[in-house]
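Data block below; observations after.
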Amino acid sequence: MIGARRKGLYSASNESRNNREGLKGWLDPTGYGWERISYWLQRLTGLFLLVYFVGHVYETSSLTGGIGSWNAMLKFTETTWGHLFLILVIGTSTYHSINGIRLIFTETGKGVGKPGRPEYPYDALSLNYRQKSGIWIALILAVVAMAYGFNVLFTGG
Amino acid sequence: MIRRIHMLGTNGKRAKSKSGPGMNSVTMRIYRSTEEGNKGRFDSFDIPIQRWTTVLDALLYIKAYKDSSIGIRYSCRMASCGSCGMKINGKPRLACYTNVLELDSSEISCEPMSNFPVLRDLVTDFSQFLNHHRNMKPYIINPEIDLRDNPQLSEFLQNPTDADKFLQFSYCIKCGLCYSACPTVATDTKFPGPQALAQAYRYSADTRDAGSRYGLTSIDSRHGLWRCHFSGSCSKVCPKGVDPALGIQLLRGNIMSITKRHKKIAELKQHTRNPQTD
């Protein structure tokens, strides 16, 4: 039993006491700052866009059924709810791509700073304002894109 | 200095003064495990506090005067040993390093750290965590030197600039707070976690080390380094400024050869032992 524990192996009874947070670990973005919120939004927008992508492929495949079938499909997006859904697509895709660009740099070691000698109160170097600015810019641009989309779809502007 | 830290609290912010009748006490809600398994309960205790009372002080007060059966683990009381990690008001913190007033709450909950199996009450099992650490070969690998049975004294010549590249990561006290805060560890049991990966970088960046860890299965695999998505929670909770997220991103850059991974191995200098002084 002790040997199994040392190897990191757990029996079913121990597994129940494993205390892993599981999905609720990443579903709760609070308490850890902007980077955690950004991580949470990136995942949620990614899942949303995946669902949209499947729907989009289904929608465009209606072209094979002729112009009538395509027009019938388009009517779904020409309702108020359809427009709101498209505005959400605009916002999520903008946020996901802008924040994704930030993460491409960050996750290759760019813009996270250089190691040094930590001093009290030990603010983390990697959670710097370059990162926070990237997150805020992604959020602001997503809101601006949604506002533009709203203007085009609802007022015809 | 110690007095100043007490007054400032652990985040460098001045602790909020609570005055008036009834304000110099808090209710501690402490997780108690039961023999049945995962369904624990919370026991509440009202205790008096001072301006300098830490959560560990509060727990030890309860053990001394209210309920001696509470299971806690602690040792140094000064954020050096990393034993007293627990979830305090929902966030992983060191009990000895958390001032009660800093929490700005009349009710303080103490739970065992998430992502660690619970042994009893607030005490968690570190086996899995330390296994991940061990898998990273956390020691200097250099075939140039064999310290065993070496008749000569040996030292690597390393300048302060080279030392600064890894020193930050060597301050890790293995308290497990980063492992508890990480959302990837929460869902992937094979993910080594921020602590182990930061240690992999620590040795990779050390000019005394000549052993490459980039090809280790625990690093360069589906459940390894690539599962980190930079939520930064590990660095947020680290009580020693280790910044594991920084180490992980730099290690990732090194593996992809995007950041500079070449290092000049430190020169080895050997001295003959002096039997008079050795």
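Just a few scattered comments:
- Projected label points at residue A:129 and residue B:153, each 7 Å from Cα along the beta carbon direction, are separated by 4.8 nanometres.
- Under 24 Å from the Cα of residue B:174 - lysines, other chains or at least 8 residues apart: A:7, A:114, B:87, B:91, B:137, B:165, B:190, B:236, B:240
- Cα gyration tensor category, rounded, prolate or oblate, for chain A with a/c compared to 1.5: oblate
- Electrostatic dipole magnitude of the protein assembly as shown [Cβ: Lys, Arg +1; Asp, Glu -1; Cα centre; debye, to 20]: 560
- In this simple spin-label approximation, residue A:58 and residue B:25 carry label points 7 Å from Cα along the Cα→Cβ vector, and these lie 6.1 nm apart.
- On Cα atoms only, tilt of B:244-255 relative to the major axis of chain B in degrees: 30
- The stretch between residue B:130 and residue B:271, if pulled fully straight at 0.36 nm per residue, gains 47.2 nm over its current Cα-Cα span.
- Compared with the dominant principal axis of the Cα atoms in chain B, helix B:194-204 is inclined by about 20°.
- A crude spin-label estimate for the pair residue B:260 and residue A:81, with each label 7 Å from Cα along the Cβ direction, gives 5.9 nm.
- Those Cys residues of chain B for which no other cysteine Cβ falls under 4.7 Å: B:84, B:96, B:110, B:172, B:175, B:182, B:228, B:238
- FRET efficiency for residue A:74 and residue A:120, using Cβ-Cβ distance with R0 set to 41 Å, rounded to 0.05: 0.10
- Test item: Cα-centred dipole of chain B, Lys/Arg +1 and Asp/Glu -1 on Cβ, debye: 580
- For the residues of B:233-246, the average number of beta carbons from a partner chain within 10 Å of their own beta carbon is 6.
- Each 10 Å bin from 0 upward holds the following percent of the Cα-Cα pairs of the protein assembly as shown: 4, 17, 24, 22, 17, 10, 4, 1, 0, 0.
- FRET efficiency, residue B:42 to residue B:104 (Cβ-Cβ, R0 22 Å, nearest 0.05): 0.65
- Highest-MSF residue in chain B out of B:122, B:167, B:197 [GNM, Cα springs under 10 Å]: B:167
Every read-out reported here was derived from the displayed coordinates using simple, explicitly stated rules and does not represent laboratory data. Treat the numbers as computed from the prediction; the structure is a model and nothing was measured. Here Cβ is always computed from backbone atoms with ideal geometry, including for glycine, and neighbour counts include all displayed protein chains.
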